[in-house]
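Read the structure below first, then the notes.
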Amino acid sequence: MGTDQEGQTQSMTLSLSIEDFGLHSLDILQRILVTTDGTVTETLAAIFLEPIELVKLTVTVVASPEPLPALEIERGSSLMQRKIVLRGSRSSTPYAYAEVTIAADRLPPGLREDLLEGTMPLGQLWISYRLETFKERPRVRKRIAGALARHLGVDADDLLIERTYRTFTSGRPVFLVTEFFPATYRRSLP
């Protein structure tokens with residue numbers, strides 16, 4: 001909250017696109033996760049008081065079969081697709097699942113190689129390579145877990161929170177990120 005020139009209180013607003021529910025309906029942890037502009041890995045580590053490890057499910061590089069307007073790429077451009085789980089290194093609790101589509105040709109070769117190796121979260125790689133990034137405000141919605149349930153240790157009919165955003169480098173979209181979190185974590189906080 002701030003005050004304007006006449007001393008009146010101004011309320012803080014979020015410029016976050018939430019499609020089918022109100023932010024007030026989320027637990028405090030999920031509100032933090034959907035609104036953070038920092039790295040989700042570090043946020044999860046702080047929330048659950050344990051180191052977070054990345055589990056690589058798949059990382060592939062393909063020629064885009066069609067134009068991808070979200071990343072402003074043409075058909076035939078090099079696309080990296082990465083699917084990962086972020087889980088607690090002590091508890092093995094899966095806290096988040098993510099799918100990332102990357103305009104691979106827009107990144108330095110070393111960063112592309114590290115992304116292919118798939119052992120470091122994006123935020124840590126951005127810091128390691130001193131990559132200047134801008135994250136647009138995410139689009140957030142609820143969805144049924146379905147097939148994603150196996151990655152998050154939830155039931156197929158449980159609700160997930162889905163957060164999608166683009167990350168820009170040098171004014172161009174490079175990463176299209178979709179993260180999924182359980183609507184409620186079953187594990188209690190330490």
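The values are calculated or read from the model by the stated rules, or taken from the named source; none is laboratory data. Because the structure is a prediction, the values reported are computed rather than measured. Neighbour counts run over all protein chains shown; Cβ positions are idealised from the backbone, glycine included.
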Total residues in the stretch 101-123, condition out of contact with any Leu (no Cβ under 9 Å at 6 or more places or on another chain) and closer than 19 Å to SER89 by Cβ: 2
Failed item, numbered, when SER128 is tested on (1) within 27 Å of LEU160 (Cβ to Cβ); (2) without any contact (Cβ under 8 Å) to a residue 40 or more places away in the chain; (3) touching a helix residue (DSSP H, G or I) at 6+ places or on another chain (Cβ under 9 Å): (1)
Unique residue being surrounded by 17 or more Cβ atoms within 10 Å (Cβ to Cβ), out of contact with any His (no Cβ under 9 Å at 6 or more places or on another chain), at pLDDT 90 or above and assigned to a strand (DSSP E or B) when the list is THR58, THR101: THR101
Test result for PRO182, more than 22 Å from VAL55 (Cβ to Cβ) and either out of contact with any His (no Cβ under 8 Å at 6 or more places or on another chain) or buried (at least 17 other Cβ atoms within 10 Å of the Cβ) (or both): no
For GLY110: the one exception among (1) over 26 Å from ASP158 (Cβ atoms); (2) at pLDDT below 80: (2)
The lone exception for ASP37 - which of (1) modelled with pLDDT under 90; (2) surrounded by 13 or more Cβ atoms within 10 Å (Cβ to Cβ); (3) under 15 Å from the mean Cα position of the chain (by Cα); (4) of a type in the set (Asp, Glu) it fails: (2)
Residue satisfying condition, being of a type in the set (A, V, I, L, M, F, W, C), over 23 Å from SER128 (Cα atoms) and surrounded by 15 or more Cβ atoms within 10 Å (Cβ to Cβ), within set ILE73, ILE84: ILE73
Count - residues of the stretch 39-55 that are under 25 Å from ARG137 (Cα atoms) and part of a loop (DSSP other than H, G, I, E, B): 1
Among (1) within 16 Å of GLN30 (Cα to Cα); (2) not in a loop (DSSP other than H, G, I, E, B) - the single one TYR185 does not satisfy: (2)
Boolean, SER78 is over 22 Å from THR43 (Cα atoms), hydroxyl-bearing (Ser, Thr, Tyr) and either touching a Leu at 6+ places or on another chain (Cβ under 7 Å) or surrounded by fewer than 21 Cβ atoms within 10 Å (Cβ to Cβ) (or both): yes
Scan of the stretch 70-99 for residues that are in contact (Cβ under 8 Å) with a residue 40 or more places away in the chain, closer than 18 Å to THR119 by Cα and either in contact with a strand residue (DSSP E or B) (Cβ under 8 Å, 6 or more places away or on another chain) or of a type in the set (S, T, N, Q) (or both), ordered by number: VAL85, LEU86, GLY88, THR93, PRO94, TYR95, ALA96, TYR97, ALA98, GLU99
Some residue of the stretch 118-135 being modelled with pLDDT of 80 or more, surrounded by fewer than 13 Cβ atoms within 10 Å (Cβ to Cβ) and charged (D, E, K, R): no
